[in-house]
Amino acid sequence: MTKTLLRSGNLDDYQSVGGGGQAVFTSALQIRETLRLQKHDALVACLAVPQVNDDGDRVDWYAPRAGKVVAWKAADEAVQARALAQLTLLFEAASRLSASCQQSTKTARRLFGALLEKALQFPGPNHVFLVDNSPVIAFWGFVNLNEQAREAPFACLQPPARMPDPAPALPPAGLAAAYSETMDAAAEEAPPISPPPQAEPEPAAAAATPPVDTPAPARSRIRPGRLAFLGLPLVAGAAALLLVPDLLSAHRAESAAVVQALPAVPAQPMLTGALPLRPATVIAPIKEPPKAETKTVVLTAVPGDALVMEAGQVRAGTTGFLNGSWRVVLDAKDAVTGKAPLLRYQIKNNKGTARLVHGDSVVCKADVFAGLHQNGELQIKNRGLARCSDGSRYPLPLIVCTAGTSGVAQCSGRYDASTVIPLTFHKIGR
């Protein structure tokens, strides 16, 4: 049966994760087979099947079963929610199985548990697909470059949180209070509004029909006598206004007379019985700078076979100091032999080969290239996985070196973000 291709990509574009000094991807097929034999069919169904090309630098991921394939981002929210719930349950089951295996007394089972712990890591939502609405993960056992394994692998699949609608803006409390006080004051100071007086109706003729009692208009509440009384303040106010100019003229004349009558008195300086004083200032004592302590620098002899990153070459961006044959000592042990694997590098002009011997005399080889980073770090990378004599593939670490004391390189090998192993270079030839 032809299986559906989900995704392809270069291995150098991702960073593998693993445990026990081994990458998950190198044992991907063995992990799927072990889960199948242990009847964990749901876990097997969510892991895509990898297939590496002949050059060992590119991998294709196929769906484990036939069905309609939909990318994660193309599915609707309801389907995504069901698939995410299913993946969460599978992750919990895998975590329990991993913890159980890592407590075993058998080395192989402990290694399987360590690899299974990182097996459900993947770069992002673009690597998850739905086959007949069931989730399938491609590039499992990998994360993006320069990233670490996530504690919650499926957190990146959560839908984005929706922001609540902003509340309508309310006027400041101070402005509302000031407006209320202003309106209350205006209401108190405003005079009452009285309706205009209405003329009384003329008396009817004697020959008219019998008079009919007509009620007075309700609006007219001011009698003529009261109108005359209200007019008195107006007349008094007008009379006062007519007298104001005369009063002002008389007041000005009196003020001018007083000013002309008083002679100018010269200002006399005030005498004080004491001398003027200024506030005292306190001058802080001058502290002498501490004398620099004399430190004794102990120079250690540089081993003749050590990798020395010469400062002049590092500044120039060249790596002539790396040319030659090197034996690399890893601070790790092989799961089969219990010894550190044998690793050799032959490099010239930033290019070369790596040769690794592990397990039961299994020899693996890979092409490598080196270079200096802008921050002065020396990096040695491999092109894909190493090909081994038994037909398998084996990962080589990304080697990063920095110049230490006297320029001696301090190096470490990184298999993934959480697996970093110290290592040492020893020159064995040109």
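Got at least one residue in region 105-117 being more than 26 Å from GLN38 (Cβ to Cβ) and either surrounded by 12 or more Cβ atoms within 10 Å (Cβ to Cβ) or not basic (Lys, Arg) (or both)?
As a first pass, look at region 105-117 and keep what is more than 26 Å from GLN38 (Cβ to Cβ): none.
No; the residues of region 105-117 include none that is more than 26 Å from GLN38 (Cβ to Cβ) and either surrounded by 12 or more Cβ atoms within 10 Å (Cβ to Cβ) or not basic (Lys, Arg) (or both).
When region 49-73 is filtered for residues that are part of a strand (DSSP E or B), among the hydrophobic types (A, V, I, L, M, F, W, C) and at pLDDT 90 or above, the ones remaining, listed by number, are VAL49, VAL59, TRP61, VAL69, VAL70, ALA71.
Yes or no, residue by residue, for (1) at pLDDT below 85; (2) buried (at least 16 other Cβ atoms within 10 Å of the Cβ); (3) within 22 Å of VAL420 (Cβ to Cβ); (4) not hydrophobic (A, V, I, L, M, F, W, C):
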| site | (1), (2), (3), (4) |
| --- | --- |
| VAL302 | yes, no, no, no |
| VAL328 | no, yes, yes, no |
| ASP334 | yes, yes, yes, yes |
| LYS339 | yes, no, yes, yes |
| VAL362 | no, yes, no, no |
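Residue check: VAL49 meets all listed conditions (1) of a type outside the set (Lys, Arg); (2) touching a Phe, Trp or Tyr at 6+ places or on another chain (Cβ under 9 Å); (3) more than 26 Å from ARG383 (Cβ to Cβ) but one, namely (3). Residues in region 372-405 that are in a loop (DSSP other than H, G, I, E, B) and small (Gly, Ala, Ser) were compared, and the one that is surrounded by the fewest Cβ atoms within 10 Å (Cβ to Cβ) is GLY391. The C-beta contact set for region 44-64 (first residue outside the structural domain of ASN10 (by TED's automatic domain parsing), second residue in a strand (DSSP E or B) and modelled with pLDDT of 95 or more, distance under 8 angstrom, 6+ apart or interchain) is empty.
Regarding VAL143, is this residue out of contact with any helix residue (DSSP H, G or I) (no Cβ under 6 Å at 6 or more places or on another chain), within 17 Å of ASN10 (Cβ to Cβ) and either of a type in the set (Val, Ile, Thr) or surrounded by fewer than 23 Cβ atoms within 10 Å (Cβ to Cβ) (or both)? Give the derivation first.
On the way: out of contact with any helix residue (DSSP H, G or I) (no Cβ under 6 Å at 6 or more places or on another chain): yes; within 17 Å of ASN10 (Cβ to Cβ): yes; either of a type in the set (Val, Ile, Thr) or surrounded by fewer than 23 Cβ atoms within 10 Å (Cβ to Cβ) (or both): yes.
In short, yes.
Among the residues of region 1-41, what is the count of those that are within 20 Å of PRO397 (Cα to Cα) and not in a helix (DSSP H, G or I)? Show your work before the answer.
From region 1-41, those within 20 Å of PRO397 (Cα to Cα) are 9-28; that's our starting set.
If we keep only those that are not in a helix (DSSP H, G or I) too, we end up with 9-10, 14-24.
Summing the residues that are within 20 Å of PRO397 (Cα to Cα) and not in a helix (DSSP H, G or I) in region 1-41 gives 13.
The values are calculated or read from the model by the stated rules, or taken from the named source; none is laboratory data. In this text the structure is predicted, and so the values were computed from the model without any measurement. Here the Cβ is made from the backbone with ideal geometry for all residues, glycine too, and neighbour counts use every protein chain on show.
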